[in-house]
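These notes are about the structure you will find just below.
Values quoted throughout were computed directly from the atomic coordinates according to the rules given, and no laboratory measurement underlies them. Note that this is a predicted model, so its numbers are computed, not measured. With ideal geometry, Cβ positions are generated from the backbone for all residues, glycine too; neighbour counts draw on all protein chains shown.
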Amino acid sequence: MTGCYESRDGRLRLFRGDSRRLDPIATGSVAVIVTSPPYWIHGRGRSSAERYARDLAVGFGREWRRVLAPDGDLWLVIGDRHDGAEWLGMDALLTRWLRRSGWRLQSKGFWAQTRSRERWDNRVNYLLRFRREGRAVRPRSTTLCWMLPLPRSHPDSLWDAIPEPVVRTLLEVSKRRGPVLDPFAGAGTVGRVAARQGREWIGVERDPRMAQVAARRLRLRRVRGS
């Protein structure tokens, strides 16, 4: 990690760096991970989609598994699309690769973008809840399905955000005590929702510009020496 920002009370922290290595975060210290990795938008064909799913599950999933509490939740908000030849089914590809790494899918939700200028097949977003093998979640009556417009991005943001009602519900149905981690923090939307719920939050963002945007939105200050 090449930089760190934090709130005055230390309950919100943002690290700038690659989340394949989460060295500043203690093993088993995170209650829930809520994140939206960069979507697969540039490749074509099933082999490209498989590489994307494998890189997430293996390249990043090992550290997610290390820092997450044994009964913690991993929520991935992931897009799906048609590549010109077929619908790829990214949720199934990613679930299969994570299952090989010891994760088990516990819940699946859906967010469809409305009033979007995107092609219809870029408006599909899955909400996937994973836990470690042997840590099953009891079924609940909560319906995880939304039809919402894409939130207005922060003027300086490079990427779009998850709607805050979606993030709020995912946190409410997950483990309530302990820090929330977003390893692809972007403009800090998950951090804003976590802070409103009185949760501790840890974000990681590789892009220096986006890290500054998130720090401004969350009123974080740069830690000296970082």
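Counting alpha carbon pairs within less than 8 Å and at least 6 residues apart, what relative contact order, in whole percent, applies to segment 1-70?
Values: 55 pairs, mean separation 27.1, N = 70.
Relative contact order, segment 1-70: 39 percent.
Å³ per residue of the Cα convex hull, for the chain? The partial results should precede the final answer.
Working: hull volume 26.7 nm³, N = 226.
Measuring per residue, one finds 118 Å³ for the Cα hull of the chain.
Near SER48, within a Cβ-to-Cβ distance under 15 Å, what is the net charge of the other residues, with Lys and Arg +1 and Asp and Glu -1?
Details: positive: ARG44, ARG46, ARG51, ARG54, ARG81; negative: GLU50, ASP55, ASP80, ASP83, GLU86.
Summing Lys/Arg as +1 and Asp/Glu as -1 gives 0.
How much net charge surrounds ARG177 when only the other residues with a Cβ under 10 Å from the Cβ of ARG177 are counted, with Lys and Arg +1 and Asp and Glu -1? Before the final figure, lay out the partial values.
Values: positive: LYS175, ARG176, ARG199; negative: GLU200.
Here the charged neighbours net out to +2.
Rounding to the nearest 20 debye, state how big the charge dipole of the chain is about its Cα centre with +1 on each Lys and Arg Cβ and -1 on each Asp and Glu Cβ. Walk me through the numbers before you get to the answer.
On the way: 45 positive and 24 negative charges, 111 e Å.
Charge dipole of the chain: 540 debye, to the nearest 20.
Per-residue HN-Hα couplings for segment 168-175, Karplus 6.51 cos²θ - 1.76 cosθ + 1.60 at θ = phi - 60°, whole Hz, x for Gly and Pro?
Residue by residue, segment 168-175 yields 4, 5, 4, 5, 5, 8, 9, 4 Hz.
Non-local amide H neighbours of GLY89 (under 5 Å, H modeled in plane, Pro and chain starts lacking H): which ones?
Those lying under 5 Å, H to H, from GLY89 are ARG81.
Using only alpha carbon pairs under 8 Å that are at least six residues apart, calculate the relative contact order of segment 3-222 and give it in whole percent. Numbers along the way, then the final one.
On the way: 447 pairs, mean separation 63.2, N = 220.
Contact order relative to length: 29 percent.
Relative contact order, percent, of segment 1-127 when contacts are C-alpha pairs under 8 Å separated by at least 6 residues? Kindly include the intermediate steps, with their values, before the conclusion.
Numbers: 176 pairs, mean separation 30.8, N = 127.
After rounding, I find 24 percent.
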